[in-house]
Structures are given as structure tokens and as C-alpha cells.
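Chemist: Quick one: the structure is below, and I'll ask about it shortly.
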Amino acid sequence: MKHLSLTARMSLMFMFAVIAVLTVAGLSFNELSRHHFMMLDQQTLDEKLESTQQILSNTRSHADLEEVLPQLKALLGAHHDLAAIILANDGTVLFAEPLPFNIPEKYRLNPDHGMWAWEENGHMYRGMTAQVSTPDQPAFLTALLILDVTNHVHFFETLQRWFWIGLVISALVSAALGWVVARSGLRPLRQVTHVATSMSARSLKERIPLEPVPLELQQLVTSFNAMLARLDDAFVRLSNFSADIAHELRTPLSNLMTHTEVVLTQKRNLEAYEENLYSNLDDLKRMSRMIDDMLFLAKSDNGLIIPEQSRIELSEVATKLIEYYHLLADEQGIQLVVTGSGSVLGDKLMLDRAISNLLSNALRYTTAGKTILVTIKSTASAVTLIVENPGETIKPEHLDKLFDRFYRVDPARREGSPSNAGLGLAITRSIVAAHNGKIWCTSSNGITAFHMEFPPATILGAL
Amino acid sequence: MKLLVAEDEPKTGTYLQQGLTEAGFNVDRVMTGTDALQHALSEAYDLLILDVMMPGLDGWEVLRMIRAAGKDVPVLFLTARDGVEDRVKGLELGADDYLVKPFAFSELLARVRTLLRRGNSSPTQTTMKIADLEVDLLKRRAVRSGKRIDLTAKEFSLLELLLRRRGEVLPKSLIASQVWDMNFDSDTNVIEVAIRRLRAKIDDDFELKLIHTARGMGYMLDAPESE
């Protein structure tokens, strides 16, 4: 069955099913008919035997028998397959009409009520034996009634022959029908295949319509559509990514070109050239860093960022980073405060980077003279690190998009240093995601807070 | 100090040779892995700078054969590919350091000097002196012109780093990594602030400036006499 087509499989199965059903039906019909004929025979024999008993019960002696014989013959004559034998209780045959039978001895004097059957000269017979009692003589006579049932046997033989012929024909017809049914039943599958075949990168937006698809195929189509959606999403992201790179690199590249060309248009003093080279160096560094960051994000998108799993105390990380950033904070009169503690399993370098990005981000937007608060909380189910800074409230519609690469709340404004390409929060998010954590931002009443949530060190199994 | 640069990209190779020569090294340059192997086996170099992707033999193959020949000259790899497995492979084969292109030349120079210093480590000094600045590394105290200078722990570490590598331009990334254990590019001007503060304490009150800015590249501690 392995290499058969679905249509062939279904036709065959259909055929086998029909054969099985017909066989069961045929056998049952056969059995029922046999039973029915037997009942009919028994009924006939019962009736006739009763009448015979009735007729014979009026005889007192063997001589009286002659008187009732016409009556008996009339009874038997109405049924030409029927024969009767009357025996005296010593076994002598008093009457045998229409034929003398060689009835097996055991049935001759069988007093049991019940039908017996035997075969002779290609004929099938059924018989019944009864004892006739007169008021003064019990078991005076024995009456045997015999019914020729050869016709029934012939009937069954014919029936069986036709049954087999019918079965073969039905099997062939059902296989053919099955093929037709399967083919038309599988038409939606071919349609789905057709749509799937015509898919290309351009048509990833297309979906296979669910309405005309039968129930059984809906799950397949839904899965297929979901796959298309994932492909489309990845494709769109890839396209955006390429577009972003092109766009973001275009600015520094254009600076480099313009600046260099302008400097070269006329002879200048040494300082001018030096100045140009320094400026170029700045732009080049910016581009280099951007490429590094983009590569990091590309790797994380492809699940290639695999953090180490060592136990990291977040308060130590935060304290270290604050030691670094406090120089910058001092300049702006900003306070940096860490409270709480909690440890997670993760990659020290990556977590450093993620939290560092949040801190430098907070420093960029905090009003001078205020305090940036880093709070670490540890519960049984999660370790959270919150970086809170007072600053301009971010509108709700921007909150989710903050983590998108190159996203800026105000597109026209390049906030902070020129090296801030808008990748910091995207990198932070991918690091948090690589650590099975979550990150989100809340902003209200002039307080912006970035929340990072990690599974606690114990859940992943401490080292 | 004699270096070998194996780099198949002509522009990169030329600039590396120029830069390293101007930094005071004696530099040979080859463009294929086969040449690199031949040079490395026949001449005594203090350091090899190998590009991973080269025609003929690649950098890893060259390194493998050099090590097989029993040479333990330090090797610094340059590569355009930044895969963890690449890095691991290089280090497993016995590379001493690894730089991903694009890199800053100042960064390369700093690493080259670190590698060259390794091995012939100078006896641990407890005091260092440059011009009229004296630093006691054990007591963690700095004195300039007989006047005690009050430094924070990080400021002292920064000064110590600059002193230990006097005359070298130290890139900001190296300073951040050595002093603050920040092993990634943090794209802020923290180092500038730190240097400015250190300058305020070390240099501002004195005629002779010790801390110098190499614009766009990093910082250096130096005094005219020590050259």
C-alpha cells in the first residue's frame, strides 16, 4: 500500500468494505432463509401431523383404518410433496402413500417431537413422527409424515451461485465507483496543491481561502496559511532589515563622500585634511558599530545567540555599571541608585550589555538633578530589574515600538550622541529574549520605567 | 620587533604594514597562506598577524602547520567572520588573539603590544615614575612634584593602566574593558569624562602635561624625557 496513490487506496478500501458488507449480508440472508424454510416445513408438518392424528384417533382397530384412508389421502393430496406412513406398534407398515420410503430405523419409532432430516437418491427429506393414541389404547399407531424439501436445497444452491457472481460484480463496480468518488472527493486537495504550487516570495501575502475547503482539509490549510504568515513575517522583517541597513548606512556614507570631495576640491592646509580624516574616522566608527549591532540582532533573530548559563547576581552587575556611568551622571547632576538583589542564570557579557543599554538610555532622557532608580526584586517565580527615570512621559502608542530597531519617538530627531543609532533597546530586547525573559516599558506622570523579567536562577537548575 | 602580516586584501595589507612600521615595528608582508607558512618557518618573527581567509592555505591551516613545526610564536587572527565557532576554532588551534573586521587600528596596535609584552613580563614593579609623577602601586598613592594627589579607586586604576603602557595609545574600548570590566562597546563618553577628571587632578595644575589625547583613537600617558 505504501506507494499507491490516495485514489487507488481509497478505491481498494471502498471495494473491501463493500465486499465485507455484502458477505455479511449474504451470509445472514442465507441463514435467515434456511431458518425460515425450516420453520415453514415444521409448521406444515406440525399441521398435517395434527390433522393425521385427528383422523386416526377415531379408529379402534386396524380394520377401521380402511374407513379413514380416503380422508387421509385427501389430506395428503392437497400437498404433493408430502408422504405419510402409518405403522402399527409392532412395526408393520399399515399405510404408505404415495411411496414406500427407506426411512432410517431410528426415526421410525421415534417418539420425540421434533423434525428430522435425511438424504436419499439426491433428494432431501424432512420428517416428523407422532404416536397416535385412542381413548382406550395408548400408542396404538405411529404416524410418520415426510416432506420432500429438495426444491429448497436447489433454491439455496442457486442463491449461492448468484450471490458469488453478485459479489464479484459489486466488488468491481464498487472499486470503479470508489475511484470516481475518491477522485472527486480529493479535488479540494488538488486545488490546495495548485495554490501552494503557485506561491512565490511575491505572493506570500496570499492565503488559501478556507470557505470552499472541506472540514478535514481545513486544519491542513490553516497550518499552511500559518506557515505562510510566518514566512511572510520573516520575509518582511528581512526586507525591512535590508532597507534599514541601506538607509541607516546611507547617512554616514553620504557624509563621508561629501566631506571628502569638498575637502579635495581645492588645496588646503594640513589641519583641514587632518580635520577631514578625523571626521571620517568618526563616521566610519559609527558605521562599524552599527554593522556589529545589526549582526548581533540578525543572529538573535535566527536564534544564534546562545547565552552562557552562569549564576549572575543582578545587583552586582548593576552596581558595576553604575560605577561606570556615575561619572557621566555626575556631569548632569543625576543620581544613580540600586536597591534589592536577585540572581539569574545567564551570560554575564550579554546581561551587562542589556542593563548598560537601559542605563545609558535612562541617562539620555533624565531631567538634570533627578535620580535614576534601579530596583531588583526577587520572587519565587521571577527576578525583575526595573530602571526608572524621571523624564518626559512617552505616549502609549510609542511604548511597544521603543524596542523596534531604528525606532525613534521623533523620527526627525537624532537623540543623544550621533552614535545612537536606535539599536540599543532592540539589542536589549533580544538579549532578554535569549534569556527567556520579558521586557516592557511603562511611562506615566513623568516617570518612565523599563521592566526586565527573568526566570529565577533556581527554575532553570542552578549550576 | 619583527612582525609578519599575511593579508590577501592588498589595501588592508598595505595599510597594516604602513601603520605597524610607523608604530616602530619591522614588518614583512605576504599575500598568500603558502608564503606566510614559508616565511614563518624560515625566519624568526616576534608575532604573526594572519588573515583567516587567504588563497592557497587559509590562516587556520598555516597556524596548524606552524604549531606542528614546533614554533610557538604568538599569532593574532584577523577575520571578517564573527562566528563563535570560528573564534573557538582559532583559539583551539593555538591562536593568541582574534580581531573581527572592521577593527580600529588603535585596537590592533594595543593588542599587538599586549601579545608582545606577554612572555617577557617585566618584574612586578611596586612604584612607577614618569617625569615628576610618582605612583606607589602597593599603597595606591600618587604624588606629583611632591604633592599628594587624591584619587578614587577607579581613577587610580586608570592611571596605573596608562602608566604601565606609557607611550601607547590606548583605545577607549580597551580602557573601559581594563578599568571598568565593560567588555563591549558602550557608545557613551564615560571614558572622556573619566580622563577629564583624571587630568584635572594630574595635569591641570602643572606646566608639563602627561595625559595626551590621540584624537579619534584613544589616550596616552607620556612625558618628553621618557622617549
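The values are calculated or read from the model by the stated rules, or taken from the named source; none is laboratory data. Here the structure is a predicted model, which means the values were calculated and not measured. Because the Cβ atoms are built from the backbone with ideal geometry, glycine has one as well, and the counts that use them run over all protein chains shown. The accessibility values were calculated without ligands, DNA or RNA, using every heavy atom of the protein model including side chains. Shrake-Rupley method; radii C 1.70, N 1.55, O 1.52, S 1.80 Å.
Chemist: Give the residues of the range A:30-67 that are part of a helix (DSSP H, G or I), open to solvent by 40 Å² or more (accessible area, probe 1.4 Å) and in contact (Cβ under 8 Å) with a residue 40 or more places away in the chain, sorted by residue number.
Modeler: Once the filter is applied, which keeps residues that are part of a helix (DSSP H, G or I), open to solvent by 40 Å² or more (accessible area, probe 1.4 Å) and in contact (Cβ under 8 Å) with a residue 40 or more places away in the chain, the range A:30-67 yields A:Arg34, A:Phe37, A:Met38, A:Gln42, A:Asp46, A:Gln53.
Chemist: Please count how many residues of the range B:3-29 are open to solvent by 50 Å² or more (accessible area, probe 1.4 Å) and either in a strand (DSSP E or B) or small (Gly, Ala, Ser) (or both).
Modeler: 3
Chemist: Starting from the range A:217-246, keep only residues that are polar (S, T, N, Q), then list their pairs with residues that are surrounded by 13 or more Cβ atoms within 10 Å (Cβ to Cβ) whose Cβ atoms are within a distance under 8 Å, requiring at least 6 positions of separation or different chains.
Modeler: Going by the 8 Å Cβ cut-off, the qualifying pairs are A:Asn225/A:Arg207; A:Asn225/A:Ile208.
Chemist: Which of the numbered conditions does B:Arg164 fail, given that it passes all the others? Conditions: (1) among the charged types (D, E, K, R); (2) in contact (Cβ under 8 Å) with a residue 24 or more places away in the chain; (3) closer than 23 Å to A:Ile322 by Cβ.
Modeler: That leaves (3) as the condition not met.
Chemist: Looking only at residues that are among the small types (Gly, Ala, Ser) and buried (at least 17 other Cβ atoms within 10 Å of the Cβ) in the range B:158-193, which one is nearest to the other protein chains (Cβ to nearest Cβ)?
Modeler: This residue is B:Ser186.
Chemist: Next question. From A:Ser57, A:Ser51, A:Ser28, A:Ser5, grab the single residue that is within 35 Å of the chain's Cα centre (by Cα) and not hydrophobic (A, V, I, L, M, F, W, C).
Modeler: A:Ser5
Per-residue answers, yes or no, for (1) outside any loop (DSSP other than H, G, I, E, B); (2) open to solvent by less than 60 Å² (accessible area, probe 1.4 Å); (3) closer than 19 Å to A:Met13 by Cα:
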site	(1), (2), (3)
A:Leu159	yes, yes, no
A:Ala175	yes, yes, yes
A:Trp179	yes, no, yes
A:Arg190	yes, no, no
A:Thr193	yes, no, no
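Chemist: Could you list all residues from the range A:1-29 that are polar (S, T, N, Q) and in a loop (DSSP other than H, G, I, E, B)?
Modeler: A:Ser5
Chemist: In the set A:Arg353, A:Arg364, which member is over 18 Å from B:Asp181 (Cβ atoms), open to solvent by 10 Å² or more (accessible area, probe 1.4 Å), within 14 Å of another protein chain (Cβ to nearest Cβ) and out of contact with any strand residue (DSSP E or B) (no Cβ under 8 Å at 6 or more places or on another chain)?
Modeler: None of the others qualify; the one that does is A:Arg364.
Chemist: A follow-up question, please. Determine the pairs where a residue that is within 15 Å of A:Ala354 (Cβ to Cβ) and within 12 Å of another protein chain (Cβ to nearest Cβ), located within the range A:317-340, has a partner that is in a loop (DSSP other than H, G, I, E, B) and of a type outside the set (Ser, Thr, Tyr) with Cβ atoms under 7 Å apart, the partner being 6 or more residues away or on another chain.
Modeler: A:Lys320/B:Asp181; A:Tyr324/B:Met182
Chemist: Against the condition more than 57 Å from the chain's Cα centre (by Cα), within 14 Å of another protein chain (Cβ to nearest Cβ), surrounded by 14 or more Cβ atoms within 10 Å (Cβ to Cβ) and in contact (Cβ under 8 Å) with a residue 12 or more places away in the chain, how does A:Ser300 come out, does it pass?
Modeler: Answer is no for this residue.
Chemist: Same structure, new question: How about the range A:361-376: which of its residues are hydroxyl-bearing (Ser, Thr, Tyr) and part of a helix (DSSP H, G or I)?
Modeler: A:Tyr365
Chemist: Which of the residues spanning the range A:256-302 are in a loop (DSSP other than H, G, I, E, B) and farther than 30 Å from A:Val344 by Cβ?
Modeler: A:Thr265, A:Gln266, A:Lys267, A:Arg268, A:Asn269
Chemist: Being among the polar types (S, T, N, Q), over 30 Å from A:Phe37 (Cα atoms) and open to solvent by 50 Å² or more (accessible area, probe 1.4 Å): is that true of A:Gln218 here?
Modeler: In short, yes.
Chemist: In addition: Counting just the residues of the range A:303-315 that are away from chain B (no Cβ under 11 Å) and not in a strand (DSSP E or B), which one comes out surrounded by the most Cβ atoms within 10 Å (Cβ to Cβ)?
Modeler: A:Leu314
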